[in-house]
1. Dividing the alpha-carbon Rg of segment 382-423 by 2.2 N^0.38 Å yields what?
2. Grab the Cα-Cα distance for ARG56 and ASP278, subtract it from 0.36 nm times how many residues apart they are, and report the gain in nm with one decimal.
3. What FRET efficiency comes out for the pair LYS136/ASN351, r = Cβ-Cβ distance, R0 = 45 Å, nearest 0.05?
4. Residue separation times 0.36 nm, minus the C-alpha to C-alpha distance between ASN19 and GLU342: what's the value?
5. Determine which residues of segment 418-436 fall in the zone a paramagnetic label at ASP233 would reach in this model, i.e. backbone nitrogen under 13 Å from the point 7 Å along Cα→Cβ.
6. Can you list, largest first and rounded to whole Å, the semi-axes you get for segment 52-159 by taking the square root of 5 times each eigenvalue of its Cα gyration tensor?
7. How far apart, in nanometres, would the label points at LYS322 and GLU162 be if each is projected 7 angstrom from Cα along the Cα-to-Cβ direction?
8. Excluding ligands, DNA and RNA, what is the solvent-accessible area per residue of the chain at a probe of 1.4 Å, expressed in Å²?
Amino acid sequence: MKVKKFGGTSVGSAERIRNVGKLISGCKKDIVVLSAMSGTTNSLLEISSAIKDGDRLRVSGLIDSLRQKYTLTIDELYKTEEYKEEATKAIDEIFNELKDISEKPSSPKTEKEIVSKGEMMSTRLMQLHLQEEGFKPALLPALDFMKIDRHGEPVEDFIRSEASKALAGHPEADLYITQGFICRNEQGEIDNLQRGGSDYTASLLGALLNAEEIEIWTDIDGMHNNDPRFVEDTRPVHNLHFEEAAELAYFGAKILHPTCILPARQHNVPVRLLNTMDPAAEGTLIENNLERSSIKAVAAKDNITAIKIKSGRMLLAYGFLKKVFEIFEKYETSIDMITTSEVGVSLTIDNEKNLPRIEEELSRLGTVTVDRDMVIICVVGDLEWTNKGFEAAALEALRNVPVRMISYGGSNYNISFLIRKEDKTKALRLLSYHLF
Ligand code: ADP
Ligand code: ASP
Ligand code: MG
């Protein structure tokens with residue numbers, strides 16, 4: 001059994017849905033994870049924010065224009081009146097729920113309910129499309145088995161046992177469709193796995209159900225060696241080690257959700273990145289196999305804040321770092337990069353929610369300086385320290401870019417540079433030019 005995930009662009013129109021239908025129709029007993037049609041999650045978030053603002057007119061305008069998009073899709077997707085009616089009924093039901101929620105006072109709970117509707121719609125449209133084509137797909141509600149705990153971490157045993165039960169409940173099905181992204185939280189409320197989270201759903205299901213492979217189908221032919229949104233002439237990387245892919249995903253390669261490689265790596269299930277628009281392209285195979293002595297790719301993670309704590313007594317004061325880390329732990333803020341010197345420590349975070357309180361507590365340990373709007377540039381490959389010259393090559397490429405921090409040696413797979421936001425594109429291009 002394989003788990004195949006199709007992203008928003010891959011199911012973004014009637015034609016694309018038909019295209020995916022063709023790709024999956026021969027998949028015996030595979031699990032197909034779908035994102036919302038592209039643009040839908042953003043529209044739902046806009047609706048949510050209009051509700052929060054109390055802007056009733058805008059709410060109904062946004063709901064109507066989203067509804068219109070689905071009317072057109074239904075019209076184009078189905079051949080028979082019977083299926084057009086069935087799909088209209090299903091989508092109407094979801095929009096009625098959306099309208100009901102939109103009349104309630106806004107809260108984080110209602111926001112999450114609203115944003116879950118996109119995946120509910122795309123999966124239902126696909127199920128009906130495959131049925132119209134004569135197949136027997138079973139639609140498994142992700143809310144029955146995808147679950148996170150109070151830290152937002154997946155509850156693996158629950159997911160494994162409940163997803164297995166859901167599959168076993170449909171022996172007649174020739175394939176299974178489920179929603180990516182959405183889940184339930186500890187309170188049983190509707191929640192989600194963060195933006196781009198359908199990749200994570202697929203990886204969790206593939207890993208926990210012991211799939212033969214996890215396929216992530218998207219709009220590009222695999223992981224490229226640099227971010228194609230900022231750099232021209234990037235090339236697909238055909239093979240990546242789990243660790244390399246995990247670093248790239250975490251440090252900004254948008255093609256993968258930041259943590260989606262972790263379950264696959266833990267359970268040693270290969271992940272293949274494929275292109276829906278060009279199914280014959282080789283794509284990228286991510287597995288437990290390291291191609292020696294090569295730099296694979298570069299990625300960038302935005303919205304980074306650097307914090308420097310300078311203390312004259314740091315050298316003598318053992319336990320200093322412990323005190324620093326405890327403050328971040330207390331405010332549930334994770335640290336990405338860290339560098340130290342005799343008199344201080346610099347580190348980066350990507351979540352400023354608790355920064356004022358963190359700053360206040362840190363200032364008891366030393367002088368605190370904060371730099372906002374920074375970017376981490378991450379160079380990934382087989383960068384084990386005995387492989388000479390790679391860190392020098394990366395540094396040489398960035399000779400004319402001001403670098404605030406450098407981190408190397410934390411793993412065998414990456415070297416990270418902290419730079420200013422305005423230098424990001426230049427840095428990515430220089431690295432492509434010099435390294436590839
Ligand atoms: P989906 O909707 O299928 O999940 P995403 O938009 O999340 O697709 O991810 C695919 C996009 O990721 C590509 O269109 C590309 O612009 C972007 N991207 C960023 N970095 C990379 C990279 N290193 N390799 C490939 N794609 C990348
Ligand atoms: N629909 C969600 C999003 O746009 C999840 C996903 O596409 O992976 O973020
Ligand atoms: Mg994505």
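The values are calculated or read from the model by the stated rules, or taken from the named source; none is laboratory data. Only a predicted model underlies this, so the values are computations on that prediction, with no experimental measurement involved. Note that we place each Cβ from the backbone using ideal geometry, even for glycine, and neighbour counts take in every protein chain shown. Note: areas computed on protein heavy atoms with side chains; ligands, DNA, RNA excluded. Shrake-Rupley method; radii C 1.70, N 1.55, O 1.52, S 1.80 Å.
1. On the way: Rg = 10.8 Å, N = 42, 2.2 N^0.38 = 9.1 Å.
That ratio works out to 1.19.
2. Stretched out fully, the ARG56 to ASP278 stretch lengthens by 75.6 nm.
3. Values: r = 45 Å, r/R0 = 0.99.
Between LYS136 and ASN351 the formula returns 0.50.
4. Taking 0.36 nm per residue and subtracting the Cα distance, the gain is 110.4 nm.
5. Residues 429-436 qualify, since their backbone N sits under 13 Å from the label point.
6. Whole-Å semi-axes of the equivalent ellipsoid: 27, 24, 8.
7. Here the answer is 4.0 nm between the modelled labels.
8. On the way: 20120 Å² over 436 residues.
Value returned for the chain: 46 Å² of accessible area per residue.
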